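Engineer: Supplied in structure tokens, the structure appears directly below.
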Amino acid sequence: MNLRENISAILHYKPYERMPVVAFGYWSETVNKWAAEGHITKEEADLYNTRGDNGPGDVAIMKKLGFDYNWNHHAGASTDLFPHFEHKLIETRPDGSQVVRDGNGLITLVKPGIVSIPAEIGTTLTDRAVWESEYLPRLQYKAERVNVDYFKTLRDDSKRELPLGIFCGSLMGRMRDLLGVTQLSYLMADDFDLYVEIIDTMCGLCYECVKTMLDTGAKFDYGHFWEDICFKNGPLVIPSVFDEYVGPWYKKITTLLNQHGIDIVSLDCDGCIDSLIPTWIENGVNTMFPIEVGTWNASIAPWREKYGRELRGVGGMNKTVFARDYKAVDAEIERLRPLIELGGYIPCPDHRIAPDAKFENVQYYCEKMHNLKI
């Protein structure tokens, strides 16, 4: 069985030959550190930083570490603002921090030397008039959003050895990117009609793009959404509102996927996602990713107990052990063993590998996973 066949077998609860060793990339600071230490070349680090997941740099680094596959391996269309806003410097403050309007129209505070997500301090999307003049025209479906000729090259999958996903866009996570968390919350109270209109516009755009991609006859192994609509204490949206207004759009898109033979649908949402899982499961999303261990100890085990075998997962490997030693890595693999035995689950570092990771510890993890007997 090749890697593609093994992954499909696991997620369909069928016999498989070995557990794939799956990755989800690294921080830029991580690959830069590994290059400085001589584990990888500077060219490989630069290629990863410019080309990202599954690019030539990532492929070379995965080979040296021992990973088989990066789960972020999808083909998609442009489901974002089209075009984006021009990146604009609004103000430079005395402490060196900068107020910037990004491509989403979000106003952020970028502090020197800080590599985490910039602080959201405002948005261009302040009212309905701005929505209708600046955003709505940028969120219309156009033929140029989908490279039809490229997708036609994906019709023959007979020689494909790696699974390929179809990227279905973001039904609410991108809305958060346009408004920011604070304004997203206020808008629901201040102008609920506009709130729903933005949801329907962005979800409708995703649906049209997915339909066009599938209509080319391209073959895919799974569908994939990106959301990031939760944080460490729970969702950034009221679950009942999410269920009523976003849930039906998931159902519409997953039904379309199912009609084209795609029955595995994964979703990338960081944070504590427990309150939103019912909406996803009930509307055709059946594979949770990346299952962040985090401070809340997320695990597929209680979800499987609650939702049964319909819920699959990719992720849930506590990457913090990479900063420690082989003994810690061994203990983490043993913790994962009973979860793997549940079936329908593939371990993966629960998010991008951080700069404190020791290259040799990641290599050791990959080697042990390659030899894992279940």
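Engineer: What is the ratio of the Cα radius of gyration of the chain to 2.2 N^0.38 Å, where N is its residue count, to two decimals?
Structural biologist: Cα Rg divided by the expected 2.2 N^0.38 Å: 1.00.
Engineer: Still on this structure, please answer the following. How high is the relative contact order of region 250-374? Use alpha-carbon pairs under 8 Å, at least six apart in sequence, and give a whole percent. The partial results should precede the final answer.
Structural biologist: Working: 170 pairs, mean separation 27.0, N = 125.
After rounding, I find 22 percent.
Engineer: As a test of the definition: which semi-axes, in Å, follow for region 252-300 when you take the square root of five times each eigenvalue of its alpha carbon gyration tensor? Largest first, please.
Structural biologist: Calculated on Cα positions only, the semi-axes equal 24, 10, 7 Å.
Engineer: Rank K88, K64, K159 by mean-square fluctuation in a GNM of the chain with C-alpha springs under 10 angstrom and give only the top-ranked residue.
Structural biologist: K159
Engineer: Could you grab the Rg to Rh ratio for region 13-142? Cα atoms only, Kirkwood for Rh.
Structural biologist: Result for region 13-142 is an Rg/Rh of 1.10.
Engineer: Any idea what % of Cα-Cα pairs in region 169-214 are farther than 16 Å? Display every interim value, and only then the final one.
Structural biologist: Details: 398 of 1035 pairs.
Beyond 16 Å sits 38 percent of the P(r) for region 169-214.
Engineer: Using the Kyte-Doolittle scale, find the helices of the chain whose mean hydropathy is at least 0.5 and whose Cα atoms extend 30 Å or more along the helix's long axis, counting only whole DSSP H runs.
Structural biologist: Membrane-span-like by this criterion, though nothing is claimed about a membrane: 192-215.
Engineer: To continue, here is another question. Where does region 114-157 land on Rg(C-alpha)/(2.2 N^0.38 Å)?
Structural biologist: Normalised by 2.2 N^0.38 Å, the Cα Rg of region 114-157 equals 1.95.
Engineer: While we're looking at this one, here's another question. Once you have all Cα-Cα distances for region 184-237, histogram them in 10 Å bins from zero and send the whole-percent values.
Structural biologist: Pair shares across the bins are 18, 36, 29, 16, 1.
Engineer: A further question follows. Can you give the Rg to Rh ratio of region 1-75, both from alpha-carbon atoms, with Rh computed by the Kirkwood formula?
Structural biologist: Here Rg/Rh amounts to 1.07.
Engineer: Still on this model: For region 249-374, compute Rh as the Kirkwood radius over C-alpha pairs and then the Stokes-Einstein diffusion coefficient at 25 °C and 0.890 mPa s; write the answer in µm²/s, rounded to an integer. Don't skip to the answer; put the middle values down first.
Structural biologist: Working: Rh = 15.5 Å.
This corresponds to a translational diffusion coefficient of 158 µm²/s.
Engineer: Please work out, to two decimal places, the log10 of the ratio I(q)/I(0) at q = 0.10, 0.13 Å⁻¹ from a Debye calculation in which every Cα of region 196-292 carries one identical scatterer.
Structural biologist: With one equal scatterer per Cα and no solvent, log10 I(q)/I(0) is -0.26, -0.44.
Engineer: Based on the alpha carbon coordinates of region 56-213, what radius of gyration and maximum Cα-Cα distance (Dmax) apply, in Å?
Structural biologist: 19.1, 60
Engineer: Further question: Which one of F24, V237, L65 is farthest out on the positive end of the charge dipole of the chain, using unit charges on Cβ (Lys, Arg +1; Asp, Glu -1) and the Cα centre as origin?
Structural biologist: Checked the options; the winner is L65.
Engineer: Which lysines, if any, have their Cα less than 24 Å from the Cα of K327, not counting same-chain residues under 8 positions apart?
Structural biologist: K33, K63, K64, K319, K358, K368, K373
Any read-out appearing in this document is the output of simple, stated calculations on the displayed coordinates, not a laboratory observation. In this text, all values refer to a predicted model and were calculated from it rather than measured experimentally. Cβ coordinates were reconstructed from backbone atoms using ideal geometry, including for glycine residues, and neighbour counts include every protein chain displayed.
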